[in-house]
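Okay, so here's the structure we're looking at.
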Amino acid sequence: MRLSKMHLKTLREVPAEAEIPSHILMLRTGMIRKLASGVYGFMPLGWRTLRKIEEIVREEMDAAGGQEIHMSAIQPAELWQESGRWYAYGPELWRIKDRHGRDFCLGPTHEEIFTDIARNDISSYRQLPMNLYQIQTKYRDEARPRFGLMRSREFIMKDAYSFDRDQAGLDKSYDEMYAAYEKIFTRCGLDFRPVEADTGAIGGSNSHEFTALSEVGESEIAYCEKCSMAATVERAECADAPSQDDVEMLPMEEVHTPGTKTIEEVADFLKLDKNQTMKALLFVTYDSEGNEDGYVAAFVRGDRELNMTKLVNALGIPEHAIEFADEEKMGEATGCVGGFTGPVGLHDCKIVVDSELPGLKNLCAGACKEDHHLINVNYGRDYEGDIVTDIKVLAEGDPCPVCGAPVKHARGIEVGQVFKLGTKYSEAMKAYYKDENMKDHPIVMGCYGIGVTRTMAAIIEQHHDENGIIWPIAVAPYHVMITVMKPEDRVQAEIAEEIYQTLRKASVEVLIDDRKERPGVKFKDADLLGIPIRITVGRGAADGMIEYKMRRDADKTEMTVEEGIRKAIDTISSEK
Ligand code: ATP
Ligand code: MG
């Protein structure tokens, strides 16, 4: 492709709304074009890279036995009502009506559609196992679309669904997909970690997220350097503090603690360690019609953080059905007092107690009375929980739940997630197969997603410098950039043209910068676009010499035209 003819609009200025490198660089290189918040189109360079990522995904999915299909983005509401997710999915689900008032949604994911295919098309155990996938546009009306392709409202996802006879079959399908994902992200040049994950709105039992390590990522992961424990912080189990069985319960006492609304203030005032206190977090929950249906008070040790994912899982409600309560309103109904809420004396609300609190003795808690706390509060004697379970965050430095070594945290970008769905959808939607004895069984399912557009953003996050993108060869929009210093110089133009044609014949994807621009501008653009190999045709052309440079290296080498061509072809074939 000749740059003089290519539809390319690079920007010198950093667009104001872009905060992270991938977003800034995709806009500056003109790879993507914004149409609305979280809605982007792809221009030639962006589309080429996207197709390369898709091709890697496709090759590995096919190699793992997947069969590609393509379902519609528009999905009838009935299927979502059958699975129960018309309600459970919440406001992210992009609901639409047709002219007759019938409900549809723009698919955020396709479990219902693929389960529907399975119940129609699979009747016998002989058809199993089966794996169907698609690479398709998804819609999620995200609360905060941001960071360009990282969290958009329209995006491209590869979603695959496996169908098996039993759990052992699912385990095998899951392992095969897991292995395929490792190959895909490795080929994309990503530094990633598979970690255990929560199953969220998709459901099922086990799940792993594939996280590309990056400071700008929105996923926080906890991992242990001593053993192999690695999980999203949402999911990570947190070991309870040892229970204080031989500590004697002291008499509970009310103390005056004026103005001490926070844990820090009350611990300071009473000269206690924060881990000798407990704190309350207050919520209101909503039913499927969106009406308030009750209050929840969650209690964790004063120095801990509440894990919202664990709390909604414990309550068995979707994330969108709970929010922080208006304390005054809640106070009238339950007796809680903002800043001074404790479990003793609280009424008409669901009390969720973190699993370590029953083992801890003589804690300080709010007294449900302005400016007062209770000391020596003990589980069983003074209060009880409707639910007692782990609802705390595994913080950095906490003991690893597997081996006890201090845990570390890191940030990353969730580029893919795999789930063992089991029979959640096949039972709800009656997708059964018949075994050898003509007996019916629900099909055992798994589902496997890759954010294709998000992966593109993640690759840039890990492969850039202050001058621009540094594409790994496997996903570069073009492999080679030929920079002609003076296109009006006949020798330079001819040599460049010869290199261009030879490389093209060798199936190298090559750009030639034949624009009438200053060399400085051309070098800047070449760095910005991140084409992996640059061949510069300049003064040396008369002697058959060119300058060869990898975008990722600082140094450049003079060599003959033939050497340059051979080196480029060899490098590309070894890294593609
Ligand atoms: P997140 O937690 O980031 O919202 P998710 O867990 O809801 O993502 P999944 O349902 O697991 O997402 O979807 C599969 C993949 O699709 C994700 O791993 C991610 O790479 C991608 N993805 C999800 N939401 C978006 C989005 N809004 N924009 C771009 N990619 C997305
Ligand atoms: Mg996910």
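The values are calculated or read from the model by the stated rules, or taken from the named source; none is laboratory data. Note that the structure is a prediction, hence the values are computed from the model and not measured. As a convention, Cβ positions derive from the backbone with ideal geometry for all residues, glycine included, and neighbour counts pool all protein chains shown. Surface areas here come from the heavy atoms of the whole protein model, side chains and all, with no ligands, DNA or RNA. Shrake-Rupley method; radii C 1.70, N 1.55, O 1.52, S 1.80 Å.
Annotations for the structure displayed:
- Residues being small (Gly, Ala, Ser), assigned to a helix (DSSP H, G or I) and under 28 Å from Lys172 (Cβ atoms) - total across segment 103-156: 1
- Only one of Glu289, Glu264 that is within 20 Å of Val337 (Cα to Cα) and free of Cβ contacts under 8 Å to residues at least 24 places away in the same chain: Glu264
- When the criteria are applied in full, Lys138 fails the requirement of being away from ligand 1 (no atom under 16 Å from the Cβ), at pLDDT 95 or above and of a type outside the set (Ser, Thr, Tyr).
- Some residue of segment 121-144 being open to solvent by less than 60 Å² (accessible area, probe 1.4 Å) and in contact with a Cys (Cβ under 7 Å, 6 or more places away or on another chain): no
- Looking only at residues of segment 210-226 that are open to solvent by 30 Å² or more (accessible area, probe 1.4 Å) and more than 13 Å from Gln462 (Cα to Cα), we find that the one that is farthest from ligand 2 (Cβ to nearest atom) is Lys226.
- Flag for Ile391 being surrounded by fewer than 23 Cβ atoms within 10 Å (Cβ to Cβ) and more than 30 Å from Gly169 (Cβ to Cβ): no
- Hits in segment 411-432 (condition: in contact (Cβ under 8 Å) with a residue 60 or more places away in the chain, away from ligand 1 (no atom under 16 Å from the Cβ) and open to solvent by 10 Å² or more (accessible area, probe 1.4 Å)): Gly422, Ala428, Lys430, Tyr432
- Selection within segment 371-382 - without any contact (Cβ under 8 Å) to a residue 60 or more places away in the chain and more than 39 Å from the chain's Cα centre (by Cα): Gly380
- Residues of segment 199-235 classified as within 11 Å of ligand 1 (Cβ to nearest atom) and among the hydrophobic types (A, V, I, L, M, F, W, C), total: 4
- Selection status of Thr389, within 16 Å of ligand 2 (Cβ to nearest atom) and either in contact with a Ser or Thr (Cβ under 6 Å, 6 or more places away or on another chain) or in the same structural domain as Val39 (by TED's automatic domain parsing) (or both): no
- For segment 244-298, the candidate set comprises residues that are open to solvent by less than 30 Å² (accessible area, probe 1.4 Å) and within 30 Å of Gly90 (Cβ to Cβ); within that set, the residue that is farthest from the chain's Cα centre (by Cα) is Gly294.
- Strands (runs of 3 or more DSSP E) wholly inside segment 423-463 that include at least 1 residues being hydroxyl-bearing (Ser, Thr, Tyr): 432-434, 444-451
- From Cys336, Cys368, residue being in the same structural domain as Gly302 (by TED's automatic domain parsing), in a loop (DSSP other than H, G, I, E, B), open to solvent by 20 Å² or more (accessible area, probe 1.4 Å) and touching a residue at least 24 places away in the same chain (Cβ under 8 Å): Cys368
- Within segment 69-83, being of a type outside the set (A, V, I, L, M, F, W, C) and closer than 26 Å to Arg151 by Cβ holds for His70, Ser72, Gln75, Ser83.
- Pairs, first at pLDDT 95 or above in segment 218-230, second assigned to a loop (DSSP other than H, G, I, E, B) and within 16 Å of ligand 2 (Cβ to nearest atom), C-beta under 7 Å, six or more apart: Glu220/Val233; Ile221/Val233; Ala222/Val233; Ala222/Ala236
- Whichever residue in segment 183-209 is of a type in the set (Val, Ile, Thr) and more than 12 Å from ligand 2 (Cβ to nearest atom) and, among such residues, is most open to solvent (accessible area, probe 1.4 Å): Thr186
- Residue ID - most open to solvent (accessible area, probe 1.4 Å), chosen from residues in segment 464-511 that are in a helix (DSSP H, G or I) and in contact (Cβ under 8 Å) with a residue 60 or more places away in the chain: Glu498
- The residue that is modelled with the highest pLDDT, counting only those in segment 70-104 that are closer than 28 Å to Asp164 by Cα and within 22 Å of the chain's Cα centre (by Cα), is Ala73.
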